[in-house]
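Data block below; observations after.
FYI, it's all coordinate maths here, none of it is from the lab. Everything numeric in this text was worked out from a predicted model, so none of it was measured. Reconstructed Cβ throughout: ideal geometry from the backbone, glycine too, with neighbour counts over all protein chains shown.
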Amino acid sequence: MDEGKLLESRKSDHIRINLEERVSSAITTGLERYRFVHNALPELDANQIDTSLTVFGRRLRLPLLISSMTGGTAEARTINRNLAQAAQQAGVAMGVGSTRAAVVRPDLSDTFQVRDVAPDVLLFANIGAVQLNYGFSVDDCRRAVALIGADALILHLNPLQEILQPEGDWNWSGLLPKIAEVVRALDKDGVPVVVKEVGWGISADVARRLAETGVAAIDVAGAGGTSWSQVEMFRAQTEVQRRIAAGFVDWGIPTAESLCQVRQAVPHMTLFASGGIRNGVDGAKCIALGATLFGLARPFLRAAVQSAEAVADEIAVIDGQLRAVMLCVGAANLAALARVSLKQL
């Protein structure tokens, strides 16, 4: 099977497994160990609460990111367009799945293209950072951004997923200088580069090393949500591969711990928080812990296979929950929410 067909098959597997199988981490995000102190007299008009912000030059109505999920298949095209329509309507950010598939097979590029339905959305292209060790160049990164009209590029880190894949890429040596090269080159083009994990978290040490490259933001993408080792367990071709993957169900840095570590290590870095966030209350906790945006994926995937309206409903729930939190802690805007102290249990 050629590389393009292999990518397409893998993307189909990932969608199916995420929708049909139990692929949650055996550990929690750690957000449940934090509580807001309820303010019974907030002295605010809830109608005046402002949840808007500007990120990378795009105005958002909510600090919400529909995290990178998919692309490269016909089903993914429908999913991405449903996500994008809802994102445009709600004024939230959106990432697409690994855009490498579109670079390798230009005929698949339309499965990622959503600008016609989402002209104003803060849109992220997405490439596996390890591909920089396998011939993926700075110009390929530029092409990934240009193919979908993205505002920024995400380079994702997923060493555990790669080593568990039968077709995975195992060479992670000398990658940081290549990330730095991409950051410098795209910065000259006015394209911010974000580095994220895919669900096992970023440590303080990794955050400091990434900050030295000049990345525009870090998405901690901690443990506690979908476990991609579990996803790869369901893709395993042999019992040995399945058993290797099964041993990592409780691997990773919980989202809350990762977010706190990284905020302390690089206090001036723009941070996104994802990994097991399930609602607007979790998202509000992430803002209070130092994130600028919070991201969700799986809840939106389930909605997006239905319709754009189902995705819009999910966003409306998160919006309502976030606004309720802000009223009940007396935060009139996101800057005020970021100053709210959380009680750690």
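The angle separating the long axis of helix 3-20 from the principal Cα axis of greatest extent in the chain is about 40 degrees. So what's the angle, to the nearest 10 degrees on a 0 to 90 scale, between helix 74-90 and the longest Cα principal axis of the chain? The angle comes out at about 20 degrees.
So how do ARG22, ARG105 line up by other beta-carbon neighbours within 10 Å, fewest first?
Details: ARG22 8, ARG105 17.
Result, fewest neighbours first: ARG22, ARG105.
For segment 6-73, the list of GluC sites (Glu not before Pro) that fall in a loop by DSSP and count at most 10 other C-beta atoms within 10 angstrom reads GLU43. Using C-alpha pairs under 8 Å with a sequence gap of at least 6, the mean separation divided by the residue count of segment 120-239 gives a relative contact order of 26 percent. Normalised by the number of residues in the chain, the mean separation of alpha-carbon contacts (under 8 Å, six or more apart) gives a relative contact order of 24 percent. Close amide H pairs (under 5 Å, H built 1.01 Å from N) link ALA223 with GLY201, ILE253, THR255, residues at least 5 positions away or on another chain.
Which shape class applies to segment 67-123: rounded if a/c is under 1.5, otherwise prolate when a/b exceeds b/c and oblate if not, where a ≥ b ≥ c are the square roots of the Cα gyration tensor eigenvalues? Don't skip to the end; give the middle numbers.
Numbers: a/c = 2.01, a/b = 1.92, b/c = 1.05.
Here segment 67-123 falls in the prolate category.
Less than 5 angstrom separates the built amide H of VAL55 from those of LEU60, all sequence-distant by 5 or more or on a different chain. Amide H to amide H, with H built 1.01 Å from N, ILE154 comes under 5 Å of ALA125, ASN126, ILE127, VAL194, counting only residues 5 or more places away or on other chains. Assuming a ≥ b ≥ c are the square roots of the Cα gyration tensor eigenvalues, decide whether segment 159-317 counts as rounded (a/c under 1.5), prolate (otherwise, with a/b larger than b/c) or oblate. Oblate, because a/c is 1.5 or more while a/b does not exceed b/c. For the chain, the mean residue ellipticity at 222 nm estimated from helices alone is -13000 deg cm²/dmol, where every DSSP H run of n ≥ 4 contributes -39500 (n - 2.57) and the total is divided by all residues, rounded to the nearest 500. Rounded to the nearest 10 degrees, the angle from helix 308-329 to the longest Cα principal axis of the chain is 40 degrees. Neighbour counts of C-beta atoms inside 10 Å place ASP116, ASP313, ASP319, ASP282 in the sequence ASP116, ASP313, ASP319, ASP282, starting with the fewest.
For each of CYS260, CYS141, count neighbouring Cβ atoms within 10 Å of the residue's Cβ, then give the residues from fewest to most. Present the calculation step by step, with values, prior to reporting the outcome.
Numbers: CYS260 18, CYS141 27.
Ascending Cβ contact count within 10 Å gives the list CYS260, CYS141.
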